[in-house]
Every structure is written in structure tokens, then in C-alpha cells.
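Everything below concerns the one structure shown next.
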Amino acid sequence: MGSIAIALEEKGIPTVTLYNERHEKRFMGTILPKGYIDYPAMNFEEYDTFTSEGIKALAPEAFSFVVKGLTTWKPQHMKLAGDKWIPKESEFSYTAASYQEAQARFNSDFLKMGWGDGLPLLPPTRSRVDALLKGTPLSATTVIGTWGPANADFTVEKIAIVAAMAGAEPEYMPVILAALKAITSARWDAYFPVMRAPVPLVLVNGPYARKIGINSSANAFGPNPKYHANGVIGRAINLAMASISGNGRGIKPSNLAGNPAAYAGIVIAEAEDIASLGTGWDPVSVQLGYPAGTNLVTVLGIEEMDMSVAGTIANLASCISPHKEIWPRDRKTWDAQYAGALVITEMQRVTDGLMGSKTKADIAKELWESARIPMDKFKTLILTNEFGGPAKPNEFIKSLMDDPVNAQKGMPVAAGPNRFLVVVTGGH
Amino acid sequence: MGLMAALILLPILFSVGKREAAAASQYTLTVLNPQGPVKKGRELAPRLTTLNGKKVAMWLSATRDQVYAGKGAELYDLLERMLKEKFADIQIVPYKDLPMKFGPENEVVAAIEKTKPDAVIAALGG
């Protein structure tokens, strides 16, 4: 509907749209990336539209919205300042009988704007944000990337505001900024939040991780009172993706079951200084071509996680399920795209019989060889469109299907073994 | 005199004290807006000054039997009645006269455009 409404707008015909909740993400994801700051669209709770009683109750509000949308409507949350749309309000004030009540009002208001995740937010006051800005040498106005449905500027100050909401410390800022620079360098995809729920896996290499308390030891993916930066940094990154970019719309829940890591993220450090890690176990930073000891933040979009305590590589490989929506459409993307990360604990590494004398490269190769999709299943996946009808493969995908090795062994999920990151963390 | 002055002053001081206590009981929390600025892009079509005397097309993007359409057709029936009550000279292009689908896009746009509407309402689904 969004592209048709916009086609009519571009012909000079004003439009207004009423839609079910489930279509909002795709609808606004169609309109905002075209360069429009806002659009008069009214979003109904889906189940209210399934009954005649529900429709009757909605009609007066829909009528008012239609009249306003076609006559007096203006962008809701933004105002023009030169060649930029900026928020109508640079700050919000909450006056109440007590600090607790004012904070509750702030939390409630930010949730309504889609800027919260439901967990309590800490107030991003001027003094708190200024303190966080001291954690980076970059100026507050530096833009580290433009991203999201509205292609919003991710300025250092806006990121500091969100980091304050998440409860970050100033020294976390370099990691948050680096992760968001990586995330905003990737194309925003309107389809992602509709049918999928990817979350960034943020891997931190180098001595800075230990200095600020990013866990690479016991319970690296969960809470550890000794190293508690992981969850706060992950939450700041998730909140930034939703609130800075959302143009007043904020978090849009996935249409499916969602991902628990959308709360506190997935942030880990690699355990780089364990004596038992020998030859062939260089950290990811070295694998990616940087000198040992480099402070590096690497981000992968993760949709599925298998948290096997023990098992074979083949078992893990069977959990890798490719999605046609993100299947590379050309060789350049195919060659560059990472299929995922295999996280190994030091405990598994040193246990005889489980990893033995294998290196990271050996494990990646075994995973790549095991994670093949039988060709008949791949064809069913890729040759069907979203409505269940037939779809044609492009020349690149056809060349993969015609490859005799792939036809015999099955379609690999990545261009080669080096398209998996193998990371050591936790468990010691 | 001294006693009288004290008697007069006391209520004044008491009153000031009460006002200060009331002011102190209010707490104001000021927080910054996290929304990022956005480069100016395209603008929507100019809005109409009124719907009176205008032709408004109602495009239903799905047929009644498609689940994501909900009861969109019933909503349009109600909206048509309300619009005609409020704007005596409005002309409505009913959804039944337009394609009840959202693709192919160019066909749907052409069909809507063919009715020469001044404005379009799109609803429910697709």
C-alpha cells in the first residue's frame, strides 16, 4: 500500500492510509526511505478490525483522522530547520510531587514514543549526557552514520542520550560508537523487522574490553557481577537503533516471536590471553587482518542462536537455516557475507575428544562443509515467493544451483569456511 | 509596638514558609530528546483546504475474504456515510469501483487515477 500511496502523492493527489498494525513496519518502511519525513497513516490494533463491533468503535476516530490527513495534516514530531528535519522538542520536562513520580512519567512518555524497551530507562539529563560525551574525543555534533527508515543522523550527542537511557558509563562510549558505526554502514532493510528479528552480535577484541569490564569469562552471554558492561552496551545499541532512527516511531516489534537479545543485546569480548590457546587460535581481530592487541569491534546481524552446551559441529550445522530474504543476490555480496559466528568456550577447547588438536580454521571448515542444504530443499526455498507462488532465480543463484559440486553435496550457506567467525569466550 | 510588629510579622513569615514548602515539593526532571535529525527530502502533495466539493476515492487494498483486510469494507461503508453527512457536496468513488488488490502497482495506480480523484483514502491490508 505504501508505494501506491506515494505514487499518488507524487502525482499531486493527497492520500491518507488506515491499516492494520501488522502492516505498519512495511508501510512506513516503504515511505520513509524515499525521503519523506512523515505520512498521515493511522495504525489500528489488528484484532479491532476483525469484527463489525470493532470497526464501529474505530470509525469516529478514523473519520477524524481522514479529514485531518487530507486537509490540515503536518509532520507529527519533526520541524524544518534549514535543510534538516529536527525534533520539535529538544528536551522534555516532567514536573511531579517527587523525583520517583517524575521519572515514572518520563518512562511512560518515552515508552509511548517507542523509545523504551519496557525495562526502566535512566533519565538522559543534560549533565548525564555531558558526562558521557567526555568518554569520547569526538565532538557532540559528529555524525557517525545515517541509518534507519528515515535515514536519520546518528550524531555522537544522540548516541550519548541513548547511552544515558541505558545506564552506560563514559568509558563504554567508544565501543557503543564503534558498533553503531558498523551497524549504520550497512543498508537498512524495511523487511527485517517485519518477518525477522535480527539483533547485532557485538564482538570486542583487544585490551580495552577488559579495561571497561566486558565479559569474556564465565557466563559471557549472561549477567556477571564482576564484568557488567556487556548488557548495558548491548541495550544502548538496541535503543539507539530504535529511537534515533525511528523518526518518532521508535521500536517496532517483529511480527513473529521476536528475539530476547533485543533487550540487552549480544555483546561479548574474546578471551585472547588464555595460555591453553595455542597455534591456530588467533583472535578474530588477527583473523580479520589487524595486529594482535588491536582494539576492534566487529558486528554481525544475528537472527538465530543455538546455545548447545556440547555437541558435534554437524549438529550445530543443522541449526543453520538460511533465509531467502537475505540470500545474496550477487557474487560480490556472496563472497563478502558472513554466515554467522561459532562461539567456543575455552573449556570446550581444552577438553580432549571434543576439539582435540583442531584449529579455528579446521572447525570453520568442518562447519562450512556440514552446513549444506540439500539442493531440492534449497530450490523449494528460493523458487517460492512470499505468497507461495513460483519465483525465478537470478543468474547468480542459478549459477550456484548449476554448480556440480553444490548439486551433489548440497548448497553451502556461505562462500567458504572463512565466512564463519570462530570466537573463544566464556567458560573459564 | 514591639509585640504588634511581631504578631504581624509572624503570619507573613509563616506564609512565606508555606509557599517555599509547596515549591520544594515539586520536582522537575528535564531529559533530552533522542531523535536524530533527518536531511530534508521530498514533500507530500499539498493538502486540500476542504473536502467539500471534492472527489475522494476509497481504495480497499484487499478483497473481503483476505484475512489482513479485516472488516475494511465495513469501515468504508461507515466512513462514506460520515463524510457525506459532514461534507454535503463531497463525491465518493466507492471501493467497489476500484481494484481490490495492491498489485501490480502501476495497474492499481492507473485505475485510481482514471477516476480523477482530488484525494484518496487507502485502507486495511496489503
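The values are calculated or read from the model by the stated rules, or taken from the named source; none is laboratory data. These numbers were taken from a predicted model, which means no experiment stands behind them. All Cβ positions, glycine included, derive from the backbone under ideal geometry; neighbour counts span all protein chains shown.
Brief remarks follow.
- Check on A:A391, modelled with pLDDT under 90 and small (G, A, S): yes
- Selection status of A:K392, without any contact (Cβ under 8 Å) to a residue 12 or more places away in the chain and assigned to a loop (DSSP other than H, G, I, E, B): yes
- Reported count of residues in segment B:100-109, each being surrounded by 22 or more Cβ atoms within 10 Å (Cβ to Cβ) and part of a loop (DSSP other than H, G, I, E, B), is 0.
- Filter result for B:T28 (surrounded by fewer than 14 Cβ atoms within 10 Å (Cβ to Cβ) and in a strand (DSSP E or B)): yes
- Annotation note: Cβ proximity below 8 Å between a residue of segment A:108-127 that is within 19 Å of A:A96 (Cβ to Cβ) and more than 9 Å from every other protein chain (Cβ to nearest Cβ) and a residue that is surrounded by 17 or more Cβ atoms within 10 Å (Cβ to Cβ) and of a type in the set (K, R) (sequence gap 6+ or interchain) occurs for A:L122/A:R128.
- Looking across segment A:275-309, the residues that are among the aliphatic types (A, V, I, L, M) and surrounded by 16 or more Cβ atoms within 10 Å (Cβ to Cβ) come down to A:L277, A:V284, A:V286, A:L296, A:V297, A:V299, A:L300, A:I302, A:M305.
- Filtered residue count, segment B:31-70, keeping only those that are modelled with pLDDT of 95 or more, β-branched (V, I, T) and buried (at least 16 other Cβ atoms within 10 Å of the Cβ): 2
- A:G340 falls short on exactly one of the conditions (1) surrounded by 18 or more Cβ atoms within 10 Å (Cβ to Cβ); (2) at pLDDT below 75; (3) closer than 21 Å to A:M411 by Cβ, and that condition is (2).
- Helices (runs of 4 or more DSSP H) within segment A:1-118 that include 2 or more residues surrounded by fewer than 18 Cβ atoms within 10 Å (Cβ to Cβ) and among the hydroxyl-bearing types (S, T, Y): A:52-70, A:99-112
- A:A166 buried (at least 21 other Cβ atoms within 10 Å of the Cβ) and small (G, A, S): yes
Condition check ((1) surrounded by 18 or more Cβ atoms within 10 Å (Cβ to Cβ); (2) closer than 21 Å to B:L44 by Cβ; (3) among the aliphatic types (A, V, I, L, M)) across all residues:
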residue: B:G72; (1), (2), (3): yes, no, no
residue: B:A111; (1), (2), (3): no, no, yes
residue: B:D118; (1), (2), (3): no, yes, no
residue: B:A123; (1), (2), (3): yes, yes, yes
